[in-house]
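Data first, discussion second: the structure below is written as structure tokens.
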Amino acid sequence: MSAARTVTLQVNGQARSVTVDPETPLLYALRNDLGLVAAKYGCGVEQCGACAVLVDGEKAFSCTLTVEQAAGKAIVTLEGLGTPDAPHPLQKAFEAEQAVQCGYCTSGIIVAAKALLDANPDPDLPAIRLALQDHLCRCGTHSRVFRAIRRAAQEMKTRELRA
Amino acid sequence: MTDAPEKKKLPGSLSVDARIDSWLSIDAGETVTLKTGKTEFGQGIKTAIAQIGADELDISLARVRVQEADSALTVDEKLTVGSESVQQSGVAMRYAAAQARQILLQKAADHLGLAIEDLTVEDGLVSSRSTNRQVSYWQLMAGQAFNAEVTGDVAPRSPESRRLAGQNVPRLDIPAKLTGGRAFIQDMALPGLLHGRVLHPPAYKTELLKFDATAIAKLPGVVKVVQDGRFLGVIAEREDQAVRAWEVMRDATAWRELPSLPNEDNLADWLVSQETHDWLIDGGTPVDGPIPDIVEPAGASKTLEAIYTRPYLMHAPIGPSCAVAQWDGDKLTVWEQSQGVFPLQAALSCAFAIPAENIHCIHAEGAGVYGHSGSDDAAMDAAMLARALPGRPVRLQWMREDEHRWEPYGSAMVIGLQASVGAGTKLLDWNCDIWTNVHAGRPRAKMDSAGFVAAWHREKSLPPHKPADNQGKHGGGHRGATPLYDLPAMRIVKHLVKPHPLRVSSLRALGTFGNVFAQESFLDEMAHAAGQDPVAFRLAHLKDARARAVIEKAAAMAGWDPAKWGKGYGQGLAFHRYKNNKCFVAVVVEAEVDEAKGSIVIPRAWIACDAGEVINPDGAANQLEGGFLQAMSWTLKEAVRFDATRITSLDWESYPILTFKDAPEIEVGFVARPNDPPLGVGEGTAGPTPGAIGNAVFNAIGVRLRELPLTPERVRKMIVAERRG
Ligand code: FES
Ligand code: FES
């Protein structure tokens, strides 16, 4: 444990300062200091994926990553993907497939799907399963999530062709 | 509440409260609030209510706001359980909104000086067909109340004229959940909010040996340390400080733990060797009295016996339970995620010995709960903490191990079956003996506060309340035990096991999961013994046309084909009508079984359902799929582990659940019955899923698996044991 100090984080393309013990898990800084509540506490030990965010483009678990470790890196949360008025294709696809029940796991899953599609724009079912292997959903949205990610990949491909 | 004799029985929850104003209000700002006493947890009840109400009122969905359960604002609709919400709340809304529309039309007719027959409504605007005169609901009402009761005489719309009910309306709660809105109680922000954690004892039976409150109070950010007997909690400025303090407390506090748990390896033997209270289940209802012996039927050519088991299972929500509480004098406000604001209010009133009207329970969404999970306990814990700092709101979330260790599990069960076939291919009898703990235990009205874990741990502690099962028709541990099949003789016995070593309560579908696993597996055993195809055998024992239709539909969807089975590939079907009065569901899965590894892969699954009128087909499909995947997880993966003193399943490694690698692709089909009453679907797949899986495995490798969960190690053992005969 150390004393609180001011740390600047790059979150969703903006510089944001938080004054916390730098050993604080990033999750709490995002949720309670920055009001970015999409990432959730599920287990605290990298077993469920509810807290997932992107750090320099890679998926990371914000429940164990400290503010200190995250400083200076590009952090992207679900809020950084899109808004209700301008949703990301993944958010649109999850809406279209209604791939949500309680939705507590959903933010982490969409973030994982973003990392997947960035690396592999046209993933097949085994690739999707693998990318989500460290995410849990208790409500049982799995088969809808498969469809939603495929739909988003399709939509992004079409967009690219049009552009 | 009893109706006055001259009144007829009103539909759904209108029998609790028939005042239109209790169900809806025409608001300023050209919106309408629809009120339900049911709670949303991602199952879509708010959307279903919106569809029904908007339809009857002739308004667009955009104008609708749904107020869910709040002890100060909504009708007391008790618990949100048993797949009853649409039948109770939805139907009440339908009649209330239809009557409200009628009143609004009459007001419009008076206002415009026109006959009611001359008026039409579109999105709340009442227009005359013959003139160009118009008036809106909002002009007519101007914030006034209806001050009228639903009589039940105003007929709701016919199924054909509904615009929204019956359609795939996107769920209203989803957009916020996809974009980081404050959709959950865990996200609630209030001015001056503090954060709490509670250190629960490490075992059921403990003595507190050492707790250093002074040391904890000195930790960074700690505002208050709360102790009441073995109830230990901490409140801090920041959430991470509360978590840190909790960790320090956990490591520095010393307990004496006393053994109280049976041997998990012999759980089935333990269950059947305990003292029991036995009831004969007659027509779905337990009857006290002498238990008849099994009588071998005359003319039996083959008689089989088998024993099936299920272990203790968790609800295990992905987000641990959470609540926010604030005390002002002797008034308590709790934002909470339980399945019923009124039962919780009543139980908290007992716990704190204050009148129920001093307690305001406001439901807010948490992670999915699937029955009585830790939600109520979190509300009590939050209230215990907040009491130490009056005037300040405290948000309490359980840590992962709190949830795994202290939630009330679904009870373990042993189900023994015996049946005979005669010279023909018909079953001659059906004998079923169930050993189970209770499937009930919520803190609620008229009991006491002992349904809360915190109540056991306080200085003036209460013993866990006397376990009593839900003894209603198709309730508790006998839910699902009475087959819908036409059977000449049925003997079903419930042996309620008296000792309750683990904390148990209601888990989605109660006894159904274990009972129907046994029933539908054993039915296949009997079909096999009679040399019959499992689908044909079921149909030969079912006159019920709706039951037959879903079985036939599921088989057709899946391309049922026994010729393809064997060499590690099989299809399996199971059927159940939930509670014998809710939706009809047939499930088919295909299984790929690797005998050497003991692994079972389910690549695809098909679900056929008849749920009467379906308000939101895609929403219902989502529920059926979710119920299937959860039951598949119970079947293949889950068992609460414990040693003599402690629960040892404390995280997702020690309590594995279904992963994305395991999940099949699923297809859902409905038998359309828009003119029949709506039947809930939330628990429809919990019964047939395990049997479908067990049957598919049998059809793949010829080995019958009767002990859950079907983990590879256990499957390998069962295969060896079966083959040895
Ligand atoms: S909360 Fe971070 S992985 Fe579970
Ligand atoms: S939607 Fe509830 S946990 Fe995934």
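Below, the figures for the structure above:
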read-out: Within region A:60-69, tally of residues that are within 14 Å of chain B (Cβ to nearest Cβ) and more than 10 Å from ligand 1 (Cβ to nearest atom); value: 3
read-out: Output for region B:345-369, where each listed residue is among the small types (Gly, Ala, Ser), crowded, with 24+ Cβ neighbours inside 10 Å and within 14 Å of another protein chain (Cβ to nearest Cβ); value: B:366, B:367, B:368
read-out: Subset of region B:183-195 [within 11 Å of chain A (Cβ to nearest Cβ), out of contact with any helix residue (DSSP H, G or I) (no Cβ under 7 Å at 6 or more places or on another chain) and part of a loop (DSSP other than H, G, I, E, B)]; value: B:184, B:188, B:189, B:193
read-out: Strands (runs of 3 or more DSSP E) (entirely within region B:380-466) containing at least 1 residues that are within 16 Å of ligand 1 (Cβ to nearest atom); value: B:394-397
read-out: Qualifying position, being within 28 Å of residue B:375 (Cα to Cα), touching an Asp or Glu at 6+ places or on another chain (Cβ under 6 Å) and surrounded by fewer than 22 Cβ atoms within 10 Å (Cβ to Cβ), among B:543, B:498; value: B:498
read-out: Matching residues in region B:252-304 - criterion: being within 17 Å of residue B:642 (Cα to Cα) and either of a type in the set (Phe, Trp, Tyr) or in contact with a helix residue (DSSP H, G or I) (Cβ under 6 Å, 6 or more places away or on another chain) (or both); value: B:262, B:270
read-out: Checking residue B:713 against (1) buried (at least 18 other Cβ atoms within 10 Å of the Cβ); (2) over 19 Å from residue B:575 (Cβ atoms), the condition it does not meet; value: (1)
read-out: Residue that is surrounded by the most Cβ atoms within 10 Å (Cβ to Cβ) [pool: residues in region A:70-103 that are more than 10 Å from every other protein chain (Cβ to nearest Cβ) and in contact with an Asp or Glu (Cβ under 6 Å, 6 or more places away or on another chain)]; value: A:89
read-out: Condition check for residue A:134: more than 24 Å from residue B:618 (Cβ to Cβ) and either at the interface with another protein chain (Cβ under 9 Å from one of its Cβ atoms) or more than 13 Å from ligand 1 (Cβ to nearest atom) (or both); value: yes
read-out: Residue count, region A:1-25 (criterion: outside any loop (DSSP other than H, G, I, E, B) and more than 10 Å from every other protein chain (Cβ to nearest Cβ)); value: 13
read-out: Near pairs, Cβ below 9 angstrom, 6+ apart or cross-chain, from region B:682-711 (under 19 Å from residue B:565 (Cβ atoms)) to any residue that is of a type in the set (Ser, Thr, Tyr) and surrounded by fewer than 23 Cβ atoms within 10 Å (Cβ to Cβ); value: B:696/B:569; B:699/B:569; B:700/B:569
read-out: Test: residue in region B:297-313 that is buried (at least 20 other Cβ atoms within 10 Å of the Cβ) and either within 16 Å of ligand 1 (Cβ to nearest atom) or within 14 Å of chain A (Cβ to nearest Cβ) (or both); value: yes
read-out: Region B:124-151 residues that are of a type in the set (Asp, Glu), paired with ones that are part of a helix (DSSP H, G or I) (beta carbon under 9 Å, 6 or more apart); value: B:149/B:14; B:149/B:20; B:149/B:99
read-out: Entirely in region B:217-334, the strands (runs of 3 or more DSSP E) that have 2 or more residues that are closer than 21 Å to residue B:409 by Cβ; value: B:276-282, B:302-310, B:322-328
read-out: The listed residue being more than 14 Å from chain A (Cβ to nearest Cβ) and within 29 Å of residue B:721 (Cβ to Cβ), out of B:672, B:686, B:696; value: B:696
read-out: Single condition residue A:106 does not satisfy, out of (1) more than 9 Å from chain B (Cβ to nearest Cβ); (2) within 21 Å of residue B:47 (Cα to Cα); (3) within 16 Å of ligand 1 (Cβ to nearest atom); (4) of a type outside the set (Phe, Trp, Tyr); value: (1)
read-out: Unmet requirement for residue A:140, which otherwise passes all of (1) more than 19 Å from residue A:43 (Cβ to Cβ); (2) more than 16 Å from ligand 1 (Cβ to nearest atom); (3) not aromatic (Phe, Trp, Tyr); value: (1)
read-out: Test: residue in region B:622-638 that is within 16 Å of ligand 2 (Cβ to nearest atom) and of a type in the set (Asp, Glu); value: yes
read-out: Some residue of region B:59-66 being of a type outside the set (A, V, I, L, M, F, W, C), buried (at least 17 other Cβ atoms within 10 Å of the Cβ) and touching a helix residue (DSSP H, G or I) at 6+ places or on another chain (Cβ under 7 Å); value: no
read-out: Unique residue being surrounded by 23 or more Cβ atoms within 10 Å (Cβ to Cβ), in the same structural domain as residue B:633 (by TED's automatic domain parsing) and touching a helix residue (DSSP H, G or I) at 6+ places or on another chain (Cβ under 9 Å) when the list is B:657, B:719, B:666; value: B:666
read-out: Flag for residue B:249 being buried (at least 22 other Cβ atoms within 10 Å of the Cβ) and in contact with an Asp or Glu (Cβ under 8 Å, 6 or more places away or on another chain); value: no
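So that you can scan it fast, the table gives a plain yes or no per residue for (1) outside any strand (DSSP E or B); (2) crowded, with 19+ Cβ neighbours inside 10 Å:
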{"position": "B:121", "(1), (2)": "no, no"}
{"position": "B:151", "(1), (2)": "yes, no"}
{"position": "B:155", "(1), (2)": "yes, no"}
{"position": "B:170", "(1), (2)": "yes, no"}
{"position": "B:181", "(1), (2)": "yes, no"}
{"position": "B:197", "(1), (2)": "no, yes"}
{"position": "B:202", "(1), (2)": "yes, no"}
{"position": "B:215", "(1), (2)": "yes, no"}
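The values are calculated or read from the model by the stated rules, or taken from the named source; none is laboratory data. Predicted, not measured: the structure shown is a model, and the values here were computed from it. For neighbour counting, all protein chains shown are included, and Cβ atoms are generated from backbone atoms with ideal geometry for every residue, glycine included.
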